[in-house]
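Participant: Sharing a structure here in structure tokens format.
The values are calculated or read from the model by the stated rules, or taken from the named source; none is laboratory data. None of the values given here were measured: they were computed from a predicted structure. So basically every Cβ, Gly included, is an ideal-geometry build from the backbone, and we count neighbours across all protein chains shown. Heavy atoms of the whole protein, side chains included, go into the accessibility calculation; ligands, DNA and RNA do not. Shrake-Rupley method; radii C 1.70, N 1.55, O 1.52, S 1.80 Å.
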Amino acid sequence: MTVLVGFSSKYGATEGIAERIARKLREAGRDALARPLASVDSPADFEACVLGSAVYMGAWRKDATRFVRAHLAVLADKPVWLFSSGPLGFDKLDAQGRDKLKESEPKQFDEFDEALSPRGRQVFFGALDPSVLGRRDRLVRRIPSGHELLPEGDFRNWAAIDAWAAGIAEELAD
Ligand SMILES: Cc1cc2nc3c(=O)[nH]c(=O)nc-3n(C[C@H](O)[C@H](O)[C@H](O)COP(=O)(O)O)c2cc1C
């Protein structure tokens, strides 16, 4: 059976993370597919689900949240992992000295924790290319300290993503 790596990505950074996780799972001998969640009818036929979304204003994107809420009962019977692509920048700590990955956990992690008991939940650093942002997202970056909070660049930590995917492959092999 196949592992679904389902994602919601607005500008492609999360899609890249999902594709990388699926590739790592395949290299570890699993059948794995990365698919936009908006195009998946049901998780029923998958052996396991790795589900992720970009985080905007502290939350997963709507189609990802909708997918999980709509399929809670089916997902609860499967091994599930959750991930987000969120914070930007090379610093691990924010201006207040707090762990950026921890501070960037989307509110959906708590919402889905009890219902799904995911095997793992992980935030990854994301990427931002100002030249492709829509008008509203460009405006958000113009607020005071917007450029500091949302710096330009690709901060995806491929080593961390690969290590997380390897852990999933190991658990599925048990
Ligand atoms: C307007 C805007 C708001 C954002 N809000 C958050 C946020 O609240 N928390 C966070 O960790 N990242 C935030 N980000 C960063 C994105 O989550 C990051 O760029 C992500 O990798 C984008 O993924 P995508 O290209 O798949 O949409 C924001 C980015 C923009 C442009």
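Participant: Taking Asp77 as meeting all but one of (1) surrounded by 13 or more Cβ atoms within 10 Å (Cβ to Cβ); (2) more than 10 Å from the ligand (Cβ to nearest atom); (3) free of Cβ contacts under 8 Å to residues at least 12 places away in the same chain, write down the number of the exception.
Facilitator: (1)
Participant: Taking Val55 as meeting all but one of (1) touching a strand residue (DSSP E or B) at 6+ places or on another chain (Cβ under 6 Å); (2) exposed (fewer than 14 other Cβ atoms within 10 Å of the Cβ), write down the number of the exception.
Facilitator: Exception for Val55: condition (2).
Participant: Go through (1) more than 14 Å from the chain's Cα centre (by Cα); (2) more than 9 Å from the ligand (Cβ to nearest atom); (3) among the aliphatic types (A, V, I, L, M) for Ala160 and report which single condition fails.
Facilitator: Ala160 satisfies every listed condition except (1).
Participant: Still on this structure: Working only within region 100-150, note down all residues that are more than 25 Å from Ala163 (Cα to Cα), open to solvent by less than 60 Å² (accessible area, probe 1.4 Å), assigned to a helix (DSSP H, G or I) and near the ligand (Cβ under 10 Å from one of its atoms).
Facilitator: Matches in region 100-150: Pro130, Asp137, Val140, Arg141, Gly146.
Participant: Sticking with this structure for a sec: Which condition number in (1) surrounded by fewer than 15 Cβ atoms within 10 Å (Cβ to Cβ); (2) away from the ligand (no atom under 14 Å from the Cβ) is the one that Lys62 fails?
Facilitator: (2)
Participant: Residues in region 1-49 that are touching a residue at least 60 places away in the same chain (Cβ under 8 Å), away from the ligand (no atom under 16 Å from the Cβ) and of a type in the set (A, V, I, L, M, F, W, C): how many?
Facilitator: Within region 1-49, residues that are touching a residue at least 60 places away in the same chain (Cβ under 8 Å), away from the ligand (no atom under 16 Å from the Cβ) and of a type in the set (A, V, I, L, M, F, W, C) number 4.
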